[in-house]
Amino acid sequence: MKLQTKLAQVGINFDKRTGAISVPIYQSATFCHPALGESTGYDYSRTLNPTRQALEESVAQLEEGHKGFAYSSGMAAISCVLSLFKQGDHIIVSDDLYGGTYRLFDKVFKNFGLDVSYVPTEDILKIEGAITSNSKAIFVETPTNPLMKISNLKEISRLAKQHNLLVIVDNTFLTPYYQRPLSLGADIVVHSATKYLGGHNDVVAGIVVARSEQLAEKICFLQNSMGAILGPQDSWLLLRGIKTLGIRLEKQQQNALEIARWLQTQASVEKVYYPGLKEHQGHKILKEQATGFGAMISFTVKRQELVPQILRKVKVISFAESLGGVESLITFPAQQTHGDIPVEIRESLGITSSLLRLSVGIEDAEDLIGDLKQALEVYKGDN
Ligand SMILES: *Cc1c(COP(=O)(O)O)cnc(C)c1O
């Protein structure tokens with residue numbers, strides 16, 4: 001079955017009893033036991049809830065993994081995965097990283113003795129150089145948030161196997177529609193399902209998919225033990241969102257390419273970061289390991305003063321955090337999504353005070369470009 005078909009049909013044969021096309025929302029905390037020592041398969045919703053199960057099975061299939069897990073947020077999903085490790089373990093992590101993930105590593109798991117090295121994971125030699133006898137995993141974001149750097153997942157997985165390391169990939173930006181890290185050799189995929197999987201800016205959720213049965217068992221134990229599961233209503237919203245993932249992303253990507261090319265022609269714009277552009281650092285690798293480039297664009301303006309003006313003047317595009325929804329959003333990473341990264345590190349990575357990040361939605365590209373045009377307009381004599 002082709003991907004678009006799989007997407008449209010998620011959950012469709014789940015409720016055998018009634019044949020419901022839309023997976024029912026099982027708003028029940030607990031389930032009645034037929035007799036002592038017997039179970040319907042469902043006992044208590046933290047452990048297993050039918051609506052969440054339909055979602056978990058669907059994402060596992062889409063990511064080509066053994067088992068999927070749904071959480072109350074992307075951070076809850078990542079926390080659960082990091083709980084696989086113990087004091088003294090060392091993890092190599094992409095240096096350009098979603099700010100909340102950086103905060104989780106640096107302010108939470110560090111206190112539990114997890115040792116972390118931040119490395120430009122687009123450079124395989126840097127990863128290799130960071131491996132120690134305590135290294136247990138490589139955590140990769142690709143494309144990275146917000147600089148869209150691309151890491152070579154096949155190469156990283158090959159290196160990881162040699163050193164017996166797990167490869168964990170944050171696949172939020174491309175989703176299984178464009179990139180399936182498990183099929184490239186990764187062991188675990190994580191998602192902020194709040195973004196493209198949900199796709200409508202109406203639910204906060206996280207997903208983990210494990211490639212092997214052995215890892216799935218460990219994660220299943222942790223999910224139930226730690227308890228940050230996704231509720232049935234939100235699981236249903238995700239199932240509903242996933243059905244249109246393909247057509248949303250196609251339109252978003254098409255818009256993004258048009259906008260990225262237009263931004264490149266603007267005198268007030270300094271640099272455009274979009275992996276769909278031929279001159280982008282990771283364009284070639286991405287073409288090999290993914291079937292699309294996504295719809296996230298970052299760009300810098302030549303004059304920092306333009307940043308507040310743009311954020312104030314956009315009308316069609318909303319000035320808001322988050323990404324991946326049908327509505328276009330613009331953010332200022334240095335103060336928002338990446339505000340928790342120390343300023344020296346941020347600046348050295350390129351997350352400067354003139355960098356803006358645009359999540360391109362499904363609106364008409366002409367309207368979006370028109371909106372950016374009026375927001376970028378520099379008054380005469382002010383250039
Ligand atoms: C938003 C985001 C997260 C965090 O997910 P939440 O659902 O906000 O908890 C993690 N990784 C990436 C790449 C993100 O964009």
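Scanning segment 268-309 for residues that are open to solvent by 30 Å² or more (accessible area, probe 1.4 Å), of a type outside the set (Lys, Arg), out of contact with any helix residue (DSSP H, G or I) (no Cβ under 9 Å at 6 or more places or on another chain) and touching a residue at least 12 places away in the same chain (Cβ under 8 Å) turns up Glu270, Gln281, Gln304. Within segment 352-372, residues that are in a loop (DSSP other than H, G, I, E, B) and among the charged types (D, E, K, R) reach partners that are open to solvent by 10 Å² or more (accessible area, probe 1.4 Å) and modelled with pLDDT of 95 or more with beta carbons closer than 7 Å, at six or more positions or on different chains, in the pairs Glu363/Val316.
If I ask for residues that are of a type in the set (S, T, N, Q), assigned to a loop (DSSP other than H, G, I, E, B) and crowded, with 20+ Cβ neighbours inside 10 Å, which ones from segment 138-169 would you list? Break it down into steps so the answer makes sense when it comes.
Here is the first cut: in segment 138-169, the ones of a type in the set (S, T, N, Q) are 142, 144-145, 151-152, 157, 162, 164.
This time we only want the ones that are assigned to a loop (DSSP other than H, G, I, E, B), so: 142, 144-145, 151-152, 164.
Result: Thr142, Thr144, Asn145, Ser151, Asn152.
Only one of the numbered conditions (1) within 16 Å of the ligand (Cβ to nearest atom); (2) surrounded by fewer than 20 Cβ atoms within 10 Å (Cβ to Cβ); (3) at positive phi is violated by Gly185, and that is (1).
Could you pull out every one of the strands (runs of 3 or more DSSP E) wholly within segment 62-123 that has 2 or more residues that are under 17 Å from the mean Cα position of the chain (by Cα) and either at negative phi or more than 16 Å from the ligand (Cβ to nearest atom) (or both)? Spell out the reasoning first.
Values: elements: 67-71, 90-94, 115-119.
In segment 62-123, the matching strands (runs of 3 or more DSSP E) lie at 67-71, 90-94.
Give segment 167-182 a look and list any residue that's over 10 Å from the mean Cα position of the chain (by Cα) and either more than 15 Å from the ligand (Cβ to nearest atom) or not polar (S, T, N, Q) (or both), or say none. Answer for segment 167-182, where residues must be over 10 Å from the mean Cα position of the chain (by Cα) and either more than 15 Å from the ligand (Cβ to nearest atom) or not polar (S, T, N, Q) (or both): Val167, Ile168, Pro176, Tyr177, Tyr178, Arg180, Pro181, Leu182.
What are the residues in segment 15-61 that are among the hydrophobic types (A, V, I, L, M, F, W, C), assigned to a loop (DSSP other than H, G, I, E, B) and touching a helix residue (DSSP H, G or I) at 6+ places or on another chain (Cβ under 8 Å), if any? Break it down into steps so the answer makes sense when it comes.
Step one: filter segment 15-61 for residues among the hydrophobic types (A, V, I, L, M, F, W, C), giving 20-21, 23, 25, 29, 31-32, 35-36, 48, 54-55, 59-60.
Applying the additional criterion that residues be assigned to a loop (DSSP other than H, G, I, E, B) yields 21, 23, 25, 29, 31-32, 35-36, 48.
Within segment 15-61, Val23, Ile25 meet the criteria.
Confirm whether Gln335 is open to solvent by 70 Å² or more (accessible area, probe 1.4 Å), over 25 Å from Gly198 (Cβ atoms), of a type outside the set (Lys, Arg) and outside any helix (DSSP H, G or I). No.
For (1) charged (D, E, K, R); (2) crowded, with 22+ Cβ neighbours inside 10 Å; (3) in contact with a Ser or Thr (Cβ under 6 Å, 6 or more places away or on another chain), each residue gets a yes or a no:
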{"site": "Cys32", "(1), (2), (3)": "no, no, no"}
{"site": "Glu38", "(1), (2), (3)": "yes, no, no"}
{"site": "Gly41", "(1), (2), (3)": "no, no, no"}
{"site": "Glu56", "(1), (2), (3)": "yes, yes, no"}
{"site": "Glu63", "(1), (2), (3)": "yes, yes, no"}
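The values are calculated or read from the model by the stated rules, or taken from the named source; none is laboratory data. Model, not experiment: these values are computed from the prediction. Methodologically, a virtual Cβ is constructed for each residue, glycine included, from the backbone with ideal geometry; neighbour enumeration extends over all protein chains shown. Protein only, heavy atoms only, side chains kept; ligands, DNA and RNA dropped before computing areas. Shrake-Rupley method; radii C 1.70, N 1.55, O 1.52, S 1.80 Å.
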